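A.B. asks: I'd like to ask some things about the structure below.
The values are calculated or read from the model by the stated rules, or taken from the named source; none is laboratory data. Since the model is a prediction, treat every value here as computed from it, not as a measurement. Ideal geometry is used to build each Cβ from the backbone, glycine not excepted, and the neighbour counts take in all protein chains shown.
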Amino acid sequence: MMRPLLLKGGRVIDPSRGFDQPADVLIQDGKIAAVKAGLGAPDGAEVRDVRGQVVAPGLVDLHVHLREPGNEDVETIATGARAAAAGGFSAVCAMPNTDPVTDNQAAVGFIVRQSARAALTRVYPIGAISVGQRGERLSEFGEMVGAGAVAVSDDGRPVVSSHLMRTALEYARTFEIPVADHCEDPTLAAGGVMHEGLVSTRLGLKGIPAAAEEIMVERDILLAQLTGGHVHLCHVSTRGSVELIRRAKEQGIRVTAEVTPHHLTLTDHACETYDTHAKMNPPLREAADIAALRQGLKDGVIDCIASDHAPHAYDAKEAAFDDAPFGIIGLETAFGVAHTELVLNGVLTLPELIARMSSAPAATFRLPGGTLQPGAPADVVVLDTTTRWTVQPAVLLSKSRNTPFAGRALTGRAALTLVGGAIVHQAEAPQGP
Amino acid sequence: MTAALGKDLVGLERLSPEQIRLILDTAEPFKEVSERPIKKVPALRGKTIVNLFFEASTRTRISFEFAEKRLSADTVNVAASGSAVQKGETLVDTARNLEAMRIDMVVIRHPSSGAAEFLGNRIRSNVVNAGDGKHEHPTQALLDLLTIRDKHGKIAGLKVCLVGDVLHSRVARSNIWGLSKLGAEVGVCGPDTLMPRGIEDLGVCRFRRIEEAIEWADVLNVLRLQLERMEMGFIPSVREYYRVFGVTLERLERAPRALTIMHPGPMNRGVEIDSRVADGPHSVILDQVTNGVAVRMAVLYLLAGGRPELADAAKRGTE
């Protein structure tokens, strides 16, 4: 029997109920028991003083790559869940581009079991849209959902065939799951390694034009309209995409979207030294794109922040820009980067950021969590929004080190992460100044 | 002793106009070395240079090798085919292995943009970029600048147009930086399919018709059209390219002045350039090749720590 836990004196922010005031949070039997000022501690309860800190629903990340099965040297479900816990996440959704591909109920069940064994941040599997992610034949959505899949996606690859995308959106309706698409026209993006613009021209690197994403965003919107299915657009990166999604939402089309912390904060100038840690797909764009993405996030046109945590071996990134793989890790820096760059710069309020990282993503994929409603599972994060820390790749808990934020000073981190009432992460006490 | 240029020569984008002029001025005394019966000075005696060519090259590799040998350096050529590279060794491993053999300089040609900078950041030896992907080919642009200066007595104020496949051309990028830093006006001419995005933002004039470029320019630098571009769909056919963009005698005869004609080679006669133009009286294409050796001698000499004012003395070493 778990001891009751009383988080005393924090600022409680629960965007699911529009709640933002000083209060105590009582956790009992793995559930939120009460949220109220001046709660007394029940017998045997552990009391934690969280004055000066923020108590919020545990963060939810709809887009991570945990590399298991197939590439366990780089990340496993356990190490990924450990990194997620340290980042304040109580739930993450694992993309199916593993080896073998997570495209059947047995593979989905494996992830569920590995997640349970790790007993850290919850890892929800996303099943593949097509068998082997080959873009040909639908995989068995029904059986995968039965085994625990929460969405389907061929992420890492776009769904090239419009017919397949249409069928996926239609078939997914039976199971009420979203179809998440990596929007990229492969003929326009072919061979591209960064954003197409003045910087790519100077560096002599092949560019990926914004249109490569926007064409597929618009196609997916049209297919969502045609089918009534729910399309979720992964890692939106251009101002054009934001406008297309804005118009689609105004028309009531079932489209949701996510944006990564790096697309909200870095531009293609980060590629200027051929730094392969600035190589990701979609690529880092321009300042005007960042401005539109931030506005879209504020307005709710973009529903949530997702990390697109993509671990790679250190020596894979130690290569010429053309030869390095796409992707960076992000679980342990997501909140710090977003808080420092968006909240402290006045783009979002803290409750808005928490909404975009907890209640909104949970609602987008219809996951439990993302709320401090009494009776809900006690997936909770205590956020320290004042401590300044420096990103040191060597001490990250992910197995990989490929971050463009190395050396960056950030303000804000998870002090305590709870999953079902159990402590899965506890930051060391901040060093006094 | 490497302050004049820094440790590496990666590209002209990061060089100052003074540094570019220094290289050109240092090349002047080295020109004469190649005219002697005994074409050798002791400036780099005892230095070890590796020519690391991950891409096929005849002209550039031979030009570097002559430059090195005429400066008395010990040189080794490594070509990608048949070497460890072909066996899957990574660039960083190749670099570390070379470094472990205590070499002084690496001349690198690589198909990936940024490879020279990547190497330069990871080894202590001097690195000279002999062409990296579509990024830069600084010694080619330097020899182009030297050739223009020889022919016109100046660079500032001249109008130089790069004609053809600017999109895939490292020669074009290095020329744009070098020419604009020395005060020339730079034009580019070719179909939009072969122009990189944002090229105008580099401060160049954009021409879509070769006739307009010819009317505007004092110098045409005609880029090689790689025939695989046609297969990739950037242009419909070589035949049409020549008809629309070819630098022909008829087009040049209509120009208001005699244009200097340059080409970095190897030429596709009858594709981007008319044979009568390439072999004509205003062509300086072979002067470019001659100047290539002198410019590369200057670059190697300066990177090795040679003092520019001593280049004359270094040259006299064997007299």
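A.B. asks: Across region B:141-166, which residue is nearest to the other protein chains (Cβ to nearest Cβ) among those that are surrounded by fewer than 24 Cβ atoms within 10 Å (Cβ to Cβ) and assigned to a helix (DSSP H, G or I)?
C.D. replies: B:Arg149
A.B. asks: Considering each residue of region B:116-140, count those that are within 14 Å of another protein chain (Cβ to nearest Cβ) and either touching a Gly at 6+ places or on another chain (Cβ under 7 Å) or assigned to a helix (DSSP H, G or I) (or both), and give that number.
C.D. replies: 15
Okay, residues lined up against (1) in contact with a Leu (Cβ under 8 Å, 6 or more places away or on another chain); (2) β-branched (Val, Ile, Thr); (3) within 27 Å of A:Ala334 (Cα to Cα):
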| position | (1), (2), (3) |
| --- | --- |
| A:Glu213 | no, no, yes |
| A:Leu223 | yes, no, no |
| A:Arg239 | yes, no, yes |
| A:Ile245 | yes, yes, yes |
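A.B. asks: Still on this structure, I have one more. Which of the helices (runs of 4 or more DSSP H) found entirely inside region A:161-231 contain at least 1 residues meeting this: out of contact with any Gly (no Cβ under 7 Å at 6 or more places or on another chain), within 30 Å of B:Arg173 (Cβ to Cβ) and of a type outside the set (Asp, Glu)?
C.D. replies: A:186-189, A:198-203, A:210-227
A.B. asks: Does A:Val55 qualify as being under 21 Å from A:Gly369 (Cβ atoms) and assigned to a strand (DSSP E or B)?
C.D. replies: Criteria met by A:Val55.
A.B. asks: Regarding B:Thr193, is this residue within 14 Å of chain A (Cβ to nearest Cβ) and hydroxyl-bearing (Ser, Thr, Tyr)?
C.D. replies: Spelling it out, B:Thr193 is indeed within 14 Å of chain A (Cβ to nearest Cβ) and hydroxyl-bearing (Ser, Thr, Tyr).
A.B. asks: Which residue is surrounded by the fewest Cβ atoms within 10 Å (Cβ to Cβ), if the candidates are limited to region A:11-28 and must be outside any strand (DSSP E or B) and in contact with a Pro (Cβ under 8 Å, 6 or more places away or on another chain)?
C.D. replies: For region A:11-28, the residue satisfying everything is A:Ser16.
A.B. asks: Mind telling me which of the residues A:Val152, A:Val145 ends up being part of a helix (DSSP H, G or I) and modelled with pLDDT of 95 or more?
C.D. replies: A:Val145
A.B. asks: Select from region A:412-433 the residues that are closer than 16 Å to A:Gln53 by Cα and either modelled with pLDDT of 95 or more or crowded, with 22+ Cβ neighbours inside 10 Å (or both) and list them in ascending order.
C.D. replies: A:Gly412, A:Arg413, A:Ala414, A:Ala415, A:Leu416, A:Thr417, A:Leu418, A:His425, A:Gln426, listed by residue number.
A.B. asks: Look through A:Asp61, A:Asp103, A:Asp49, A:Asp73 and report the one residue that is among the charged types (D, E, K, R) and touching a His at 6+ places or on another chain (Cβ under 8 Å).
C.D. replies: The unique qualifying residue is A:Asp61.
A.B. asks: Also, quick follow-up: So is A:Val199 more than 22 Å from the chain's Cα centre (by Cα), of a type in the set (A, V, I, L, M), modelled with pLDDT of 95 or more and over 26 Å from A:Ser139 (Cα atoms) or not?
C.D. replies: Yes, satisfied.
A.B. asks: Please count how many residues of region A:385-411 are within 21 Å of the chain's Cα centre (by Cα) and touching a residue at least 24 places away in the same chain (Cβ under 8 Å).
C.D. replies: 16
Every residue, every condition in (1) of a type in the set (Gly, Ala, Ser); (2) out of contact with any Cys (no Cβ under 8 Å at 6 or more places or on another chain); (3) on the phi < 0 side of the Ramachandran plot; (4) modelled with pLDDT of 95 or more, yes or no:
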residue: A:Gly44; (1), (2), (3), (4): yes, yes, no, no
residue: A:Val47; (1), (2), (3), (4): no, yes, yes, yes
residue: A:Leu62; (1), (2), (3), (4): no, no, yes, yes
residue: A:Pro69; (1), (2), (3), (4): no, yes, yes, yes
residue: A:Ala78; (1), (2), (3), (4): yes, yes, yes, yes
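A.B. asks: For region B:194-232, give me each residue that is over 23 Å from B:Gly178 (Cβ atoms) and at pLDDT below 95.
C.D. replies: Once the filter is applied, which keeps residues that are over 23 Å from B:Gly178 (Cβ atoms) and at pLDDT below 95, region B:194-232 yields B:Leu227, B:Glu228, B:Arg229, B:Met230, B:Glu231, B:Met232.
A.B. asks: Which helices (runs of 4 or more DSSP H) does region B:172-283 wholly contain that include 1 or more residues that are crowded, with 22+ Cβ neighbours inside 10 Å?
C.D. replies: Those helices (runs of 4 or more DSSP H) span B:210-216, B:238-245, B:275-278.
A.B. asks: Looking at the structure I just gave you, is A:Ala210 under 20 Å from B:Gly233 (Cβ atoms) and within 14 Å of chain B (Cβ to nearest Cβ)?
C.D. replies: no
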